[in-house]
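Okay, so here's the structure we're looking at.
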Ligand SMILES: [Zn+2]
C-alpha cells in the first residue's frame, strides 16, 4: 500500500494536473463559483483527488451560496486533519486529507447556517472526485 505522505513533489506533479497540484499541494484556492461540484446535488461520495480516500458524502453537502462545495461534516472525523492557518492575514482552520496531507479547503463555524453542526467545510472542487452512487 502506498504511503501517500512519502510522495515527493516531483511525484505529485506527475500524478496531478498543474491546477490540482497548486490547490492540493500548495494550498491554493480555486476561484469561487467555477468549481465543477459547487452546485452539484448528485448523490454519492467525494474522495480526495490526490489519494482516493473517501472524505465527504452528498448527504452532508448543503447549499451555502459561498461559491464552493460546502459540507456540514466530513464522512468521518479521522478522514481529515484540521490545522490553524494564519496565511493571507486571516486566522482560519485549514482542512487537509488525513491520508496524504493534501489541502482541501477551510472549515468555518458559527455562521448561522441551518445545518446540524453550524460548520461549513468549504472545499475546493478540484480537491475532490465525486463517485455517484
Ligand atoms: Zn488524500
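Could you work out the relative contact order of the range 1-97? I mean the mean sequence separation of Cα pairs under 8 Å and 6+ apart, divided by the number of residues, in percent.
This gives 18 percent for the range 1-97.
Using the basic label-point model (7 angstrom from Cα toward the beta carbon), what is the residue 109 to residue 63 distance in nanometres?
2.8 nm
I need to check one value: relative contact order of the range 48-133, counting alpha carbon pairs closer than 8 Å and at least 6 residues apart, in percent.
29 percent
According to the square roots a ≥ b ≥ c of the eigenvalues of the Cα gyration tensor, what is the shape class of the chain, taking rounded for a/c under 1.5, prolate for a/b larger than b/c otherwise, and oblate for the remainder?
Prolate, because a/c is 1.5 or more and a/b exceeds b/c.
Every number here is computed from the coordinates shown, using simple stated rules; none is lab data. Quick caveat, the model's predicted, so the values are computed rather than measured. Every residue, glycine as well, gets a Cβ built from its backbone with ideal geometry; the counts of neighbours run over all protein chains shown.
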